[in-house]
Amino acid sequence: MARSPLTRRRLLGLDRSGPPPPETLRQQPLNPWTIPNAIGFVRLALIPVFLVIGLRSGDGRSITAFVFFAVVAWTDYLDGMAARITGQYSRLGTLLDPLTDRLLILSAAVVAWKFETLPRWALAVLAARELFMLVITELALRRGVDLKINMLGRWAVWPTMSAFAGALFLDSWVPEGLLYLGLAMTLAATAIYVQDGVRRLREGAEASSSA
């Protein structure tokens, strides 16, 4: 299958038209030894470091914790660019990226919850959503359905990540406002995920019954 030309918009992840790379599809080998996955492994390894520093900060605010959080968050963009530049797409990368993002968000939520740097009710809703997505993604995979990441879900990551990043060094209303924005976008994206999953399960069931 010929790949789409690597335009600036595609390189930056703004143009996601066309089918996904065949290497990322279900039943393809994980292919862990790629440059983008190496970045992903480093991101994953830095999360417990961030969590320990954040929990030991005394008040939930730490420039060091902020730096580790920012590195993990922003290198999500880097591994995607590395995959597009090198063409080293993989099934593992497709699974590893959202898992790492969710673990980072849950870790930041733990720090914010302990020191009450963000409203606990909003953190509880966000954590419940992330756990819900982990469960339904696993259930969908067992039934042969890949839940496609929708654009609203992609954009919702940034105000949410920015809220947690800001809460690590700012005593202001700004992180709280960003969290509410991210939470609203995240819940809307979740509804789209569920609708898409139900539709694809029905299509699969109909195809099986007509075969």
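The values are calculated or read from the model by the stated rules, or taken from the named source; none is laboratory data. Please read these numbers as outputs of a predicted model, since none were measured by experiment. Glycine gets a Cβ as well: all are built from the backbone with ideal geometry, and neighbour counts include every protein chain shown. Just the protein is used for accessible areas: all its heavy atoms, side chains included, with ligands, DNA and RNA removed. Shrake-Rupley method; radii C 1.70, N 1.55, O 1.52, S 1.80 Å.
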>> List the residue pairs whose Cβ atoms are under 7 Å apart, where the first residue sits in the range 20-32 and is farther than 18 Å from residue 150 by Cβ and open to solvent by less than 80 Å² (accessible area, probe 1.4 Å), the second is in a helix (DSSP H, G or I) and not hydroxyl-bearing (Ser, Thr, Tyr), and the two are 6 or more positions apart or on different chains.
In response: 23/91; 31/23; 31/91; 31/92; 32/92
> Is one or more of the residues making up the range 161-178 open to solvent by 20 Å² or more (accessible area, probe 1.4 Å), of a type in the set (Ser, Thr, Tyr) and assigned to a helix (DSSP H, G or I)?
Replying inline: yes
>> Here are the criteria: (1) outside any helix (DSSP H, G or I); (2) free of Cβ contacts under 8 Å to residues at least 60 places away in the same chain. Tell me which single one residue 184 does not satisfy.
In response: (1)
> If you check residue 158 against the conditions, is it open to solvent by 60 Å² or more (accessible area, probe 1.4 Å) and either farther than 19 Å from residue 44 by Cα or of a type in the set (D, E, K, R) (or both)?
Replying inline: no
> Of all residues in the range 124-176, how many are of a type in the set (Asp, Glu) and over 30 Å from residue 61 (Cβ atoms)?
Replying inline: 2
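From the list 123, 118, exactly one residue is farther than 21 Å from residue 44 by Cβ, at pLDDT 90 or above, out of contact with any strand residue (DSSP E or B) (no Cβ under 9 Å at 6 or more places or on another chain) and not in a helix (DSSP H, G or I). Which is it?
Details: 123 fails: not in a helix (DSSP H, G or I).
It is 118.
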> For the range 42-94, which residues satisfy the criterion of being closer than 25 Å to residue 19 by Cα, open to solvent by less than 40 Å² (accessible area, probe 1.4 Å) and assigned to a helix (DSSP H, G or I)?
Replying inline: 75, 76, 79, 80, 82, 83, 91, 92, 93
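Restricting to the range 17-76, name every residue that is small (Gly, Ala, Ser) and more than 29 Å from residue 142 (Cα to Cα). Don't jump to the end; show me each part of the working.
Quick first cut of the range 17-76, residues small (Gly, Ala, Ser) only: 17-18, 38, 40, 45, 54, 57-58, 60, 62, 65, 70, 73.
Those that are small (Gly, Ala, Ser) and more than 29 Å from residue 142 (Cα to Cα): 54, 57, 58, 60, 62, 65, 70.
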> What number of residues within the range 131-155 are surrounded by 17 or more Cβ atoms within 10 Å (Cβ to Cβ) and part of a helix (DSSP H, G or I)?
Replying inline: 4
